[in-house]
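The values are calculated or read from the model by the stated rules, or taken from the named source; none is laboratory data. Here the structure is a predicted model, which is why all the values come from computation and not from measurement. Note that each Cβ is placed from the backbone with ideal geometry, even for glycine, and that neighbours are counted across all protein chains shown.
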Amino acid sequence: MLNAQEGGLKWLKIYRGAGVMQDSVPQLGSGFVRRQGMFDAVIAEADIALQVLSGAVRAKRPNPAGVFLPSSQDLDASQKRHAAGLMRVNHVGEICAQALYRGQSAVCQDVACKGLLLDAAAEEVDHLAWCGQRLVELDARPSVLNPIWYAGSFLLGALAGRSGVAHNLGFMAETERQVEAHLDSHLERLPAQDDRSRAIVLEMKADEIKHRKTAENHGAASLPAPVKGLMGAISRIMTSTAYRI
C-alpha cells in the first residue's frame, strides 16, 4: 500500500491565463489525480468573474480606435458626458455577454454548443477591454452596478442553457440580434466627431453579426415572442440605468 512518505503529495499550481484556471489538486506519486468537481468549477467561474469585473482582462486584437487620434479633447463637456454614457452602456453589455455565455456553457451538456458559446465569450473579451479603454479616455468610470448585472446575466444564461441545444443557440442568436439593434442606435447617437468610440462600436457590431450567424448556422431555434419581449425589457432597464450609473 502506498503510504504518505513514499508517494507524497504533489500539488498542481493554479494557472491564470485568458479566462482559464486549473485548480490545485493533490496528485499522488502513483500518478492518480482526483477529478474536478462542482466546487472546482465554482471556484474557476468566480475567478473569471473577478477578472471581468476588475477590468483585468486584456484584448487579443488591436483596439480599432487606434487608427484615430484621441478625440475626447474635440468634444465639449456635454458631448463627452453623452459619449461616456453610451460607452458605459456598451461596457455593461459586454459584462452581461460574458456572464450570459458562461452561464449557458456552465450547464450545457453538448460539447459543440458549449464550444460555440465559449468562443463567442472569448472574442467579446476584446469588446470589454476596448470599451473600458474608451471610458478611461473620456474620464468616465464603469457602471457601479456591474456585479449585479453579471450575477443576473449568469443566472439567466444558466436557465437558458437548460432548454436544449436549439434553444440555447436561439438565445445566443436573439441576444446578438438585439445587441446589433442597440449598437445601430449608438452609431446614430454618438457625437459626430467621436471617431474613436464609433470605430469600436462598428467593430463590435461586425462581431455580433458573426456570432448571430454562427448560432443560426448551427441550428438556433427562434424563441417565443414573450421570451424575446422579456429580453428586450431587461435590456431597456439595463441601458437606461447604465447610461447614468
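Looking at PRO191 and the list (1) more than 25 Å from LEU117 (Cα to Cα); (2) touching a helix residue (DSSP H, G or I) at 6+ places or on another chain (Cβ under 6 Å); (3) outside any loop (DSSP other than H, G, I, E, B), which single condition is not satisfied?
(3)
Restricting to segment 157-168, name every residue that is over 18 Å from ALA225 (Cβ atoms) and buried (at least 17 other Cβ atoms within 10 Å of the Cβ).
Selection gives GLY157, ALA158, GLY161, VAL165, ASN168.
Does SER185 count as crowded, with 16+ Cβ neighbours inside 10 Å and either under 18 Å from the mean Cα position of the chain (by Cα) or in a helix (DSSP H, G or I) (or both)?
For SER185, the condition - crowded, with 16+ Cβ neighbours inside 10 Å and either under 18 Å from the mean Cα position of the chain (by Cα) or in a helix (DSSP H, G or I) (or both) - is not met.
Hey, can you tell me all the residues within segment 199-237 that are modelled with pLDDT of 95 or more and under 29 Å from ASP76 (Cβ atoms)?
ALA199, ILE200, VAL201, LEU202, GLU203, MET204, LYS205
Would you tally the residues in segment 87-124 being over 22 Å from HIS167 (Cβ atoms), at pLDDT 95 or above and among the aliphatic types (A, V, I, L, M)?
Count: 4.
Does LEU100 meet the test of being under 16 Å from ILE48 (Cβ atoms) and either charged (D, E, K, R) or in contact with a Gly (Cβ under 6 Å, 6 or more places away or on another chain) (or both)?
Yes.
Starting from residues that are among the basic types (Lys, Arg) and part of a helix (DSSP H, G or I), keep the ones in segment 111-141 and report whichever is surrounded by the most Cβ atoms within 10 Å (Cβ to Cβ).
It comes out as ARG134.
Pull up segment 46-81, narrow it to residues that are assigned to a helix (DSSP H, G or I) and touching an Asp or Glu at 6+ places or on another chain (Cβ under 9 Å), then point me to the one that is farthest from GLU188 (Cα to Cα).
The qualifying residue farthest from GLU188 (Cα to Cα) is VAL52.
What do you reckon, is ALA84 in a helix (DSSP H, G or I), modelled with pLDDT under 95, among the hydrophobic types (A, V, I, L, M, F, W, C) and at negative phi?
On the way: in a helix (DSSP H, G or I): yes; modelled with pLDDT under 95: no; among the hydrophobic types (A, V, I, L, M, F, W, C): yes; at negative phi: yes.
Spelling it out, it is not the case that ALA84 is in a helix (DSSP H, G or I), modelled with pLDDT under 95, among the hydrophobic types (A, V, I, L, M, F, W, C) and at negative phi.
Do we have MET231 as out of contact with any Gly (no Cβ under 8 Å at 6 or more places or on another chain) and more than 16 Å from CYS131 (Cβ to Cβ) here?
yes
When the residues of segment 54-71 are narrowed to those that are polar (S, T, N, Q) and closer than 20 Å to ILE95 by Cβ, which ends up modelled with the lowest pLDDT?
SER54
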